[in-house]
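This report refers to the structure that appears directly beneath it.
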Amino acid sequence: MVINSIRKLALCGFFLGVLFTLLPSQIYAQTRSTLRVLVISEEDGNPIIGANVILFRKSGTMYKAGATNADGLWEFINVNNGTYDLAISSIGFEKHEAEITLAPGETRLYRTELPTANSELGEVIVSGTRSGAVQRVAGKQSISVTDIQLIPAPGPGGDLSVYLQTLPGVVTSGDRGGELFIRGGTPAQNLILVDKMPVIKPFHISNLFSAFPQSVISNVDLYAGGFGAEYEGATSSVMDVSLRQGNMRQFQSQVAASPYIISALAEGPLETDKQSLLVMGRYSVIEQAGPSLTGEDVPLKFSDIMARYSINWDGFTCNMTALHTYDRGKINPQRNISLGWENTAVGARCLGYSEELKNSVDFTIGYSSYKSSEIGFDDLGRTSNISIGYLRMDNTGTAFDHPYNYGFRWNLNFYKANLDEPFPEITGKPQRFGLGATLEEYTSVFSTYLSTEFKPTNTLSITPGITTQIRQENVSMTFEPRFRMTWKPLGTDNQELSFAVGKYVQLREAITDERDAGTVFYVYKPVGVDEPVPTAIHAITGYRQRIGDFIEANIETYYKHNDNVPVAEWTREPGNTIRTAFATAETYGLDLQLQLKTDLLYLTLGYGLAEVEYSASADDLVAWIETDEFVYNPSHDRRHQLNILASYKIGKFTANAIWRYSSGAPYTKLYAIDLIVRVPYQDPLQNQGKAVTLYSVPFDGNLPAFQRLDVSIDRKFQLSPKLELETEIGAINSYDMTNVFYFDVNTLRQVNELPMLPYASISLNIN
Amino acid sequence: MKMISFRYFGAVLILFAGLSACDEVVIEPFEEVESAYSIYGAMELDSTLNYVRIKDTQSPLLADLEEIRDFTVTFENLDAGTSTQLSDTVVFFNNNPTLNFIINEVLTPRTNYRLTVEGQEGDVSTTRAKTPGVSTISLTPAVTETCLDDILIEFDNVADDEFIRFELGVQYGGSFFFGEVKSVRQLQKVEGSNKLAVVLNIKNMLVDVFPPVAEATVNVPPRFWNPTVNCNQLDNGVMRIRYTHFGPEWEVIRENTLALDVLESGDVENGLGFFGAKNTKQILFTTNGVPNNN
């Protein structure tokens, strides 16, 4: 066994060596130059994301363009030597122009600070850099703090979780549970990165909150599918969250409170323009305030704390982040089931871009853990934990006059679970997940990627890529080609076509009793070496059109095909041994977004039409349905979704309203509820009998449609030059609609989402 | 532009106000083709008090007593043409009530009975059971000298659609142990008669009371199996045979006593469960092959 492990590690090392040896970082004529542009905010010394960076020839024609990334950096590679006009612009900042002369083979770092602008200036927009509801490019949506602020949330400021739920194609399990289903995929099929740290479940038990309030977010890239080669290990979506640095110039703090949550934030320079520290903590109070506000118990408790140390040297920046989330509660107050989970992530990410480096280097290392528990069901307790040690490196280079990106990842994963009681065959207690009493497994996954961009014309961009993953256990390698394309037929940003296709493989799976919506407990485990591997094919087409000065529309169609999706075996009764079968999932969908934006009004309409269909062999899946193949729509198949968001500035006030509608979720009707007395061996006077809930055909019913109107109005008060007060009042579910969370088959009672929740929040910002 | 923006915003607010008038929908959790009631009962022919558990399959497990007590139960003797409305007795398990209806009458052999449950909304479940005949057991010889002496065990008056299961009971270590006799040989119909018979010795029957370890049975015919407690280890030579004469409804377990799937037996029309009748008796017999170890 030792020899085998050494052999496998040697193979991994060899592959890495091949990657870095046969792919030289530069194969290009010595006359080509590299220009790195770093854009900083003059006010707080922090990077500006999405700033447009354009190189114009001296003749006035545009030569190259890009937009700064989460680190405020954009890199022009393979630039002909000569003199150019550099233009940098970003909404809310003054425009910057400068003349740049590049010598043959030179690598230059150009750093600039943009002062805040008093009025918005016209700017040339680079594709994919603006945020907003319609800014989708083949499944990718960039979400800014401005977008998040528009959505009413019962806590101070906005939250990413609430914003995500307004997007067509994003389905939640209700107003609690912390689960997001994106374009037909399950929560376990999503990859969530926080500054490249993998975090399993950063959404709180109340779906109105996540670990990402607007106050700490820099930018979020959401790939609802069709993501590129730089992401691996997920078969549905990727959420790449970038946190901001602490203020490099001045100390700031904020304390805020609402009936749902209290929070505090402090940040400031440890060394001006060099080092900063940001610390934020939040704690829920809805369990205490809920009964008086809603008239019913709200047994939900959550908190999160985040610390971020940032250091900026010349040509080099590092961010060290620590994050901890905590959630406990009963998502069904009528049942004695307590769910809980915690995330802990610690990581360091360093970006090197100095002139001494021929290519910029992005390096991340860290540790992330996830612990979850379910206590109370059948009077048993269960836990499922994952610990991940990770290391990743991303690099850029050129080959044959084309830029390319490449990198590698190494994840060490440790899975541990305690399920039910030991020796259930002796105690008579059921084994709910069919995995035995305990699970303890370790896996090592090494992955690499390579992608390049072709730009035959200024309006057409083609990005093919390839991703591979290698499991140490059997040295099997996946082959995951990816392809993305964008095209602006008119040569302007007013119109854009996009396309993405790819293959995706996931080496981890999560099992739950999906028939019991009263629980969100998953058992996480690695895909066994002898088990079929979950695999997906995505295809997305998109079209965006700007109409006049104020209206923009975006339409996307998508298709996902998933193989080997683990689903719970369909016995007649829940609570018996539940083993997994493998289903095939097909998702077809269309998302339409319309946006109207003026100085005072921001109006969006989003419509999603989708169908999610699972199919599995009846022999594998179902014990009692007499067909060869069973086809059904799972509970996250919400056929229609409609969201209307309106935000209007009235003087110093901003009024926001969002109305959401979605089709009811499929659920499984009942055939009968019974107590089975095993005559003649059991006497009905002495034995209660075995409680069983007999299901009818799976998911053949539909819960009522969901709709909800959330409203808010906010205003800021400048109390003094250093003191600002933000106030907001509003109501979640303002017309008190009864929305069904799920139907409890044990009590035959429907469990509803929260009724109208009025709130008032205040935030005090101290500079 | 300001006025246009305001008009758009106002229109949206009016739309939202209108949407607030939408009606709510009530969930219907059960499929339309329903199973009304579940019936579980095994009537004992010689007992004048038998109990039948009945439950509305559309009431929740945690329902209150008032919620579950909304039906009537009728017990009919189809051969005699008599009918009785049954009363119930409530038994609580973990504070959860169950309804058990009392059949308080003398049952006659080979008689057809029908149990009908009817709800207030006219939903009906019904089931039938035919009582078995009364059989007697004879042992030849009545007393054996050793545990290896063959005994002819006969049960008479067993109709073709009825069957017998019997157990041997012995005293060991101060306690009584019973085991269904099935491993070595099965009861067989005596041709041309209504008897079931089998030839066994006490050692054969002890195999089912004290089964041998699995390794000892591999590739060994059952008649050579050795029980884990031998004859000479028993407390005394007084043995019991407890036998149950099953009526025709018990066909589902004729081959395998563990096979009664009450959910799929089909015994209850428009319902779930199982309702049948049986006749259980017990006799004593002795063997001189057991030293008195008391």
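The values are calculated or read from the model by the stated rules, or taken from the named source; none is laboratory data. Since the model is a prediction, treat every value here as computed from it, not as a measurement. Don't worry about glycine lacking a Cβ; one is built from the backbone with ideal geometry, like all the others, and counts go over all protein chains shown.
Taking the criterion of being surrounded by 17 or more Cβ atoms within 10 Å (Cβ to Cβ) and either away from chain B (no Cβ under 12 Å) or on the phi > 0 side of the Ramachandran plot (or both), the residues of segment A:708-723 that qualify are A:SER712, A:ASP714.
Just so you know, in segment B:177-207 the residues that are at pLDDT below 90 and in contact with a helix residue (DSSP H, G or I) (Cβ under 9 Å, 6 or more places away or on another chain) include one that is nearest to B:GLU162 (Cα to Cα), and it is B:LYS182. From A:LEU685, A:LEU719, grab the single residue that is outside any strand (DSSP E or B), free of Cβ contacts under 8 Å to residues at least 60 places away in the same chain, of a type in the set (A, V, I, L, M) and more than 22 Å from A:LEU670 (Cα to Cα). Testing whether each residue is outside any strand (DSSP E or B), free of Cβ contacts under 8 Å to residues at least 60 places away in the same chain, of a type in the set (A, V, I, L, M) and more than 22 Å from A:LEU670 (Cα to Cα) leaves just A:LEU685. In this entry, A:PHE212 is excluded by the filter for residues that are touching a helix residue (DSSP H, G or I) at 6+ places or on another chain (Cβ under 7 Å), within 25 Å of A:LYS503 (Cα to Cα) and among the hydrophobic types (A, V, I, L, M, F, W, C). Listed conditions (1) modelled with pLDDT under 85; (2) within 7 Å of chain B (Cβ to nearest Cβ) are all met by A:LEU675, apart from (1). Hey, can you tell me all the residues within segment A:182-221 that are under 12 Å from the mean Cα position of the chain (by Cα) and under 10 Å from A:ASP159 (Cα atoms)? Listed by number, the residues that qualify are A:SER210, A:ALA211, A:PHE212. Got at least one residue in segment A:630-643 being facing chain B (nearest Cβ under 10 Å), part of a strand (DSSP E or B), at pLDDT below 90 and surrounded by fewer than 16 Cβ atoms within 10 Å (Cβ to Cβ)? No, segment A:630-643 has no match at all.
When the strands (runs of 3 or more DSSP E) confined to segment B:33-90 are screened for residues that are within 14 Å of another protein chain (Cβ to nearest Cβ), those reaching at least 2 such residues are found at B:37-44, B:50-56. Is it true that A:THR557 is polar (S, T, N, Q), buried (at least 16 other Cβ atoms within 10 Å of the Cβ) and assigned to a strand (DSSP E or B)? When the stated conditions are applied, A:THR557 does not pass them. At least 1 residues being over 30 Å from B:ARG110 (Cα atoms) is the threshold, and among the strands (runs of 3 or more DSSP E) wholly inside segment B:167-255 those reaching it are B:175-180, B:238-246.
Among the conditions (1) of a type in the set (Gly, Ala, Ser); (2) modelled with pLDDT under 90; (3) buried (at least 20 other Cβ atoms within 10 Å of the Cβ), A:GLY491 misses just one, which is (3). Against the condition modelled with pLDDT of 80 or more, buried (at least 18 other Cβ atoms within 10 Å of the Cβ) and more than 29 Å from the chain's Cα centre (by Cα), how does A:LEU160 come out, does it pass? No.
Conditions (1) of a type outside the set (Lys, Arg); (2) within 24 Å of A:THR584 (Cα to Cα); (3) at pLDDT 95 or above, marked per residue:
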site: A:PHE181; (1), (2), (3): yes, yes, no
site: A:ALA188; (1), (2), (3): yes, yes, no
site: A:ILE192; (1), (2), (3): yes, yes, yes
site: A:ASP195; (1), (2), (3): yes, no, no
site: A:SER206; (1), (2), (3): yes, no, no
site: A:PHE212; (1), (2), (3): yes, no, no
site: A:ASN219; (1), (2), (3): yes, no, no
site: A:ALA229; (1), (2), (3): yes, yes, yes
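Go through segment A:644-662 residue by residue and tally those that are closer than 30 Å to A:PHE741 by Cα, more than 9 Å from every other protein chain (Cβ to nearest Cβ) and surrounded by fewer than 21 Cβ atoms within 10 Å (Cβ to Cβ). Count: 1. Which one is farthest from A:TYR607 (Cα to Cα), of the residues in segment A:683-728 that are among the small types (Gly, Ala, Ser) and more than 33 Å from the chain's Cα centre (by Cα)? So the residue we want is A:GLY689. None of B:GLY122, B:GLY179 is at positive phi and either more than 14 Å from chain A (Cβ to nearest Cβ) or under 20 Å from the mean Cα position of the chain (by Cα) (or both) except B:GLY122. Of the candidates B:THR131, B:THR57, the single residue that is closer than 30 Å to B:LEU196 by Cα and touching a residue at least 60 places away in the same chain (Cβ under 8 Å) is B:THR131.
Across segment A:690-707, the qualifying residues are those that are over 30 Å from A:SER662 (Cα atoms) and more than 7 Å from chain B (Cβ to nearest Cβ), and the one among them that is surrounded by the fewest Cβ atoms within 10 Å (Cβ to Cβ) is A:LYS690. Annotation note: of A:GLY381, A:GLY295, the sole residue that is surrounded by fewer than 17 Cβ atoms within 10 Å (Cβ to Cβ) and at positive phi is A:GLY295.
Here B:ARG114 passes the criteria (1) assigned to a strand (DSSP E or B); (2) within 21 Å of B:ASN279 (Cβ to Cβ); (3) within 14 Å of chain A (Cβ to nearest Cβ) except the one numbered (3). The conditions of being more than 11 Å from every other protein chain (Cβ to nearest Cβ) and either buried (at least 20 other Cβ atoms within 10 Å of the Cβ) or within 26 Å of A:ASN643 (Cβ to Cβ) (or both) are met by A:ILE732.
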